[in-house]
Amino acid sequence: MAEAVMVVMVRYSRYTHELISDAQDFSVSVPLENDFKKSLAIAGSKSGRDMDKFRELNLTITPGQKTEAPVIANCGLIYECRIMYRQPLDPEGLDETIKTRFYSDEDYHVLYFGEILACYKND
């Protein structure tokens, strides 16, 4: 039984979905310093299909400690997770106001439930 679980939501249209859909694990790098603010703004507005975000934003990837998933070096807080369960969002269960506001294009999320195998600072 998992001691701690993290849930991440990834839309089908995102490049991240292509990367995580067949993976056994994932990592989440949480910046703790403002040094990453500009990089995050750019990364959130561009697709990994169109650019190598790591190279363009001068981010260094390092191996995870407990998983195959890479992490961002000197980022701050790192979570490494083993995927326990995948669940596509069921649009039938959504409140109409949520569906209209966030899913008018029907680009729904898949929820990935990950057992947290490691949590550490790497700054």
> Looking at (1) of a type in the set (A, V, I, L, M, F, W, C); (2) open to solvent by less than 80 Å² (accessible area, probe 1.4 Å); (3) modelled with pLDDT of 90 or more, which is the one condition that is false for VAL30?
Replying inline: (3)
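So is ASP50 part of a loop (DSSP other than H, G, I, E, B), farther than 16 Å from ALA118 by Cβ and open to solvent by 70 Å² or more (accessible area, probe 1.4 Å) or not?
Working: part of a loop (DSSP other than H, G, I, E, B): yes; farther than 16 Å from ALA118 by Cβ: yes; open to solvent by 70 Å² or more (accessible area, probe 1.4 Å): yes.
Against the criterion (part of a loop (DSSP other than H, G, I, E, B), farther than 16 Å from ALA118 by Cβ and open to solvent by 70 Å² or more (accessible area, probe 1.4 Å)), ASP50 qualifies.
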> Say we look at the range 33-47 and pick out the residues that are open to solvent by 80 Å² or more (accessible area, probe 1.4 Å) and assigned to a loop (DSSP other than H, G, I, E, B); which of these is modelled with the lowest pLDDT?
Replying inline: LYS46
>> Of everything in the range 48-61, what is touching a Phe, Trp or Tyr at 6+ places or on another chain (Cβ under 9 Å), modelled with pLDDT of 85 or more and either charged (D, E, K, R) or on the phi > 0 side of the Ramachandran plot (or both)? Give them in sequence order.
In response: ARG49
>> Where the second residue is of a type in the set (Ser, Thr, Tyr) and modelled with pLDDT under 95 and the first is part of a strand (DSSP E or B) and surrounded by 14 or more Cβ atoms within 10 Å (Cβ to Cβ) and lies in the range 5-25, which pairs have Cβ atoms under 7 Å and are six or more apart or on separate chains?
In response: VAL10/THR16
> Of all residues in the range 54-81 being charged (D, E, K, R) and more than 14 Å from the chain's Cα centre (by Cα), which is farthest from ASN122 (Cα to Cα)?
Replying inline: GLU56
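Among the residues of the range 75-106 satisfying the criterion of being of a type in the set (Phe, Trp, Tyr) and assigned to a strand (DSSP E or B), which is surrounded by the fewest Cβ atoms within 10 Å (Cβ to Cβ)? Talk me through it step by step, then tell me what you get.
To start, the set of residues in the range 75-106 that are of a type in the set (Phe, Trp, Tyr) comprises 79, 85, 102-103.
Now narrow it down to the ones that are assigned to a strand (DSSP E or B): 79, 85.
Values: TYR79: 22, TYR85: 11.
Step by step, filter the range 75-106, then rank; the result is TYR85.
The values are calculated or read from the model by the stated rules, or taken from the named source; none is laboratory data. The structure displayed is predicted, hence computed values, not measured ones. Here the Cβ is made from the backbone with ideal geometry for all residues, glycine too, and neighbour counts use every protein chain on show. Ligands, DNA and RNA are excluded from the accessible area calculation, which covers all protein heavy atoms including side chains. Shrake-Rupley method; radii C 1.70, N 1.55, O 1.52, S 1.80 Å.
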